[in-house]
1. Which one of the conditions (1) in contact with a strand residue (DSSP E or B) (Cβ under 9 Å, 6 or more places away or on another chain); (2) part of a loop (DSSP other than H, G, I, E, B); (3) surrounded by fewer than 17 Cβ atoms within 10 Å (Cβ to Cβ); (4) modelled with pLDDT of 95 or more does residue 60 fail to meet, given that it meets all the rest?
2. List the number of the failed condition for residue 233; all other conditions in (1) in contact with a strand residue (DSSP E or B) (Cβ under 8 Å, 6 or more places away or on another chain); (2) in a loop (DSSP other than H, G, I, E, B); (3) more than 30 Å from residue 36 (Cα to Cα) hold.
3. Out of everything in region 120-151 that is touching a strand residue (DSSP E or B) at 6+ places or on another chain (Cβ under 7 Å) and surrounded by fewer than 22 Cβ atoms within 10 Å (Cβ to Cβ), what residue ends up being nearest to residue 199 (Cα to Cα)?
4. Right, residue 223: buried (at least 16 other Cβ atoms within 10 Å of the Cβ) and in a loop (DSSP other than H, G, I, E, B) or not?
5. Can you tell me which of 223, 216 is in contact with a strand residue (DSSP E or B) (Cβ under 8 Å, 6 or more places away or on another chain) and within 26 Å of residue 13 (Cα to Cα)?
6. Give the residues of region 50-77 that are within 25 Å of residue 130 (Cβ to Cβ) and touching a helix residue (DSSP H, G or I) at 6+ places or on another chain (Cβ under 8 Å), sorted by residue number.
7. I want to confirm something. Restricting to region 37-57 and keeping residues that are in contact (Cβ under 8 Å) with a residue 40 or more places away in the chain, crowded, with 17+ Cβ neighbours inside 10 Å and over 19 Å from the mean Cα position of the chain (by Cα), which single residue is nearest to residue 232 (Cα to Cα)?
8. Any idea how many residues of region 107-150 are under 30 Å from residue 242 (Cβ atoms) and assigned to a strand (DSSP E or B)?
């Protein structure tokens with residue numbers, strides 16, 4: 001496995017005046033199934049390892065570690081505008097800002113890390129979207145909060161980061177029922193599998209975003225599958241809580 005940090009990036013997000021990335025798993029100091037750039041603390045990695053991994057990523061991407069804004073994710077839909085008073089506990093699955101300086105992070109390890117940018121209004125966002133967050137519209141809530149800061153929905157660009165693909169996301173009938181209740185019979189969302197049905201979270205997320213006013217060509221819904229590429233990505237379905245966690249990030253220069 002390579003020892004260098006590698007970033008998966010998206011063609012839809014603006015480059016001039018912005019920085020973003022979805023780090024792959026290499027370039028850190030964590031060991032075992034968390035080898036090596038584990039960026040999450042909740043599943044039991046040594047905190048010093050995680051802090052060093054975050055420091056290395058910050059140095060590589062060109063921001064100071066203290067600029068990183070991260071929250072505990074709870075598979076919910078709440079979105080925090082950086083600088084607002086924080087409740088206790090501070091649990092948010094989405095972040096937005098119109099300020100230069102904050103680096104918005106979104107954790108994931110099969111769920112979808114989403115990064116948002118509106119280049120004209122200069123507003124950015126991030127979100128963690130598992131199946132519950134997708135069904136309940138966390139991505140639409142980020143768009144709504146960005147619009148409150150002056151963004152226009154049809155100018156917002158959204159990248160879906162490395163996450164579990166439809167070929168690997170087998171679910172029970174109760175989950176399929178919730179997706180159909182939320183979205184109807186969207187073509188390609190429910191995929192027949194050899195045993196149970198599978199859900200294509202990318203199709204569902206695109207549906208959420210388009211219904212929120214995001215232009216289809218401004219959405220990148222073709223990330224790699226985390227479960228299928230163990231050399232590049234962590235995967236909860238593959239490794240459980242012994243594995244690591246990714247973190248997509250975005251900031252304005």
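The values are calculated or read from the model by the stated rules, or taken from the named source; none is laboratory data. Because the structure is predicted, anything quoted here is derived from the model rather than measured. Cβ: placed from backbone, ideal geometry, glycine included. Neighbour counts: every protein chain shown.
1. Condition not satisfied by residue 60: (2).
2. That leaves (3) as the condition not met.
3. Per the criteria, the residue is 131.
4. Details: buried (at least 16 other Cβ atoms within 10 Å of the Cβ): yes; in a loop (DSSP other than H, G, I, E, B): yes.
For residue 223, the condition - buried (at least 16 other Cβ atoms within 10 Å of the Cβ) and in a loop (DSSP other than H, G, I, E, B) - is met.
5. Values: 216 fails: in contact with a strand residue (DSSP E or B) (Cβ under 8 Å, 6 or more places away or on another chain).
The match here is 223.
6. 54, 68, 75, 76, 77
7. The selected residue is 56.
8. Residues in region 107-150 being under 30 Å from residue 242 (Cβ atoms) and assigned to a strand (DSSP E or B): 10 in total.
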